[in-house]
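Only one structure is covered here, and it is reproduced in the block below.
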Amino acid sequence: MRKHFQWDLGTRKLTLGERTLLMGIVNVTPDSFSDGGLYLGAERAVEHALRLLDEGADIIDVGGESTRPGAAATVSVQQELDRILPVIQGVKRARPEALVSVDTYKASVARFAVEAGVEIVNDVSGGLWDAVMLPTLAGLPCGVVLMHMRGRPEEWRSLPPIGDALAVVQQGLADRAQAAIATNIAHARVTLDPGFGFGKSFEENYPLLAHFERLHELGFPLLAGTSRKSFLGRTLACTFVGAVKDVPPNERLYGTLATETALALKSAHIIRTHDVRASHDAVRVADAILQAT
């Protein structure tokens, strides 16, 4: 059985461990790898977020800058805020009780988002890309997700092999968690994410997935996102008519559900996903199996 936590979000505490929670993805971007441009307008993004909540999302994660493989252009703070703030405000107006997260590595964006009603800051860099992110978070009433990342998106294709993926990720997450605590971010506010696909080559993700349960040794809640990731597309290419090396993101649902089921069975606390309705059914069944062991 998974360990239980009370995740301190500042304004409330979220119980983790009773079941697998789902974080629904809302990319307010023109260039995200899977759904870039689909929800760039605030009205469409809010409608999508509300639909994900209706389908079973426990958290809505709103992002305004793509960190897809190969991405090099940096979105300015103002551009990012212009994209995400109307969405955050729209969701909170429609569903005041909704739990909203912001996907950003910029401290100033995090601060404005929290002021707009966000209760979780999800930083894909683990606090490494903005020197004042961790000190800023220390003073904000919110939960924190720190993800493991190797290099930057424009560097991923040229990174050397990771070696022992589990050991590298485990040590990297431990370092980021310690850095957060040293900056006066309470242990109870921190959740960790191994960063599937972020600086890991295609085949390097599978050992990390196979031994995911070892990350519980770190003593923090665990969030994971494998939804529509390219390593799944590579694996599925042999079954897709016309595919040579990859399967397009919108054809990766069943592969995604396989990994999400495995993660739930390995006691992930939160799964970040595009396809909430399908993921909801998959993790409910996985939870029933886990509870019967």
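At-a-glance table
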{"quantity": "Burial ordering of Phe5, Phe202, fewest other beta-carbon atoms within 10 Å first", "calculated": "Phe202, Phe5"}
{"quantity": "Sorted by Cβ neighbour density within 10 Å, fewest at the top, the residues Lys200, Lys245", "calculated": "Lys245, Lys200"}
{"quantity": "Charge tally in the Cβ shell below 15 Å around Asp281, where Lys, Arg are +1 and Asp, Glu are -1, Asp281 excluded", "calculated": "-3"}
{"quantity": "GNM result for the chain, Cα springs below 10 Å: residue of Ala262, Ala165, Ala237 fluctuating most strongly", "calculated": "Ala237"}
{"quantity": "Ellipticity estimate at 222 nm from DSSP helix runs (n ≥ 4, -39,500 (n - 2.57)) divided over the chain, nearest 500", "calculated": "-11500 deg cm²/dmol"}
{"quantity": "Unit charges on C-beta of K, R, D, E only; dipole of segment 174-236, Debye", "calculated": "220 debye"}
{"quantity": "Highest-fluctuation residue, Val87, Val118, Val247 considered, GNM on the chain with Cα pairs under 10 Å", "calculated": "Val247"}
{"quantity": "Net charge of Cβ neighbours under 13 Å - reference His4; Lys, Arg +1; Asp, Glu -1", "calculated": "+3"}
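Values in this text are rule-based calculations from the coordinates and carry no lab data. Model, not experiment: these values are computed from the prediction. Virtual Cβ from ideal backbone geometry, glycine too; neighbours counted across all protein chains shown.
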